[in-house]
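Working notes, structure below.
Computed from the coordinates by the stated procedures, all read-outs in this text should not be read as laboratory data. Not measured: the values here are computed from a predicted model. For neighbour counting, all protein chains shown are included, and Cβ atoms are generated from backbone atoms with ideal geometry for every residue, glycine included.
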Amino acid sequence: MNIFIKHPLSLCELTINLHDTAPLLGYENDLPDDILAIVEEILSETADYFDICGGYQIFDRITFVKEEHQIRVADVDFNPHKIVYHQLKHSEQIAAFVCTAGAGISQWSNRMMEDDPLRGFIADILGSVVVEAAIEAIQQKLSDEMTQAGLKITNRYSPGYCGWPTVEQHKLFSLLPEENCGVRLTDSALMLPIKSVSGFIGIGTNVSFHPYTCQLCDATFCVYRNRKK
């Protein structure tokens, strides 16, 4: 497949668990009721500031180089580290994806930081939660599509996690069209809008999806680490 499949999404289409904000708000488990009420209020207040879009492009010209833990996708060589390599190595195709919550939520958060830092901070966290919910929805669309074709998918894996160098974002974006939901890269491989994610999903008959994979990853800074769904 040589086209980018784009999926614009509305906030109401997403399954959002507001308790996912708990780790970055200093709570080990679920939010207490009073804090949850504030988070719900801010999500409602910022709803119109989200411009959610995501999509993927599927590549079937892929090669795996075991000795170097290297994956070649459409003549572009990736070095995703051994963890990601082993999770994708049985793939017959790879979907390169990108997804964003849009720039508006970060702009709202930055403005609010001047007058009410707590509300601004919560809005920033909500941007991360929403983009993760969005890519979850898009991954489910991909899974449904592949199931109809008799195929399965892997978990999604992104540069910057599991030892995959962030700088390889540039290689990943070289595979995608410029009109990929409006996400672009800075020279340092930072995605703009900030609340964006990208990466690979493996596709094939012998791949596996694991509901809980934190034990595979050493990224201690992740919002979702050790938080089982």
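Each of residue 209 and residue 38 was given a label point 7 Å from its Cα along the Cα-to-Cβ line. The distance between the two points is 3.6 nm. Taking a Cβ cut-off of under 15 Å around residue 151, the surrounding Lys, Arg, Asp and Glu residues balance to a net charge of -2, with basic ones at +1 and acidic ones at -1. What 222 nm value per residue comes from the helices of the chain, counting each DSSP H run with n ≥ 4 as -39,500 (n - 2.57) and dividing by all residues, nearest 500 deg cm²/dmol? Per the formula, -10000 deg cm²/dmol. Highest average first, the peptides 189-196, 128-135 ordered by how many other beta carbon atoms sit within 10 Å of their residues are 128-135, 189-196. Within the same chain, aspartates and glutamates fewer than 8 places from residue 171 are excluded, and of the rest, those with a Cα less than 18 Å from its Cα are 60, 68, 75, 77, 179, 187. Separation of the range 1-76 from the range 88-143 is 5 Å, based on Cα centroids.
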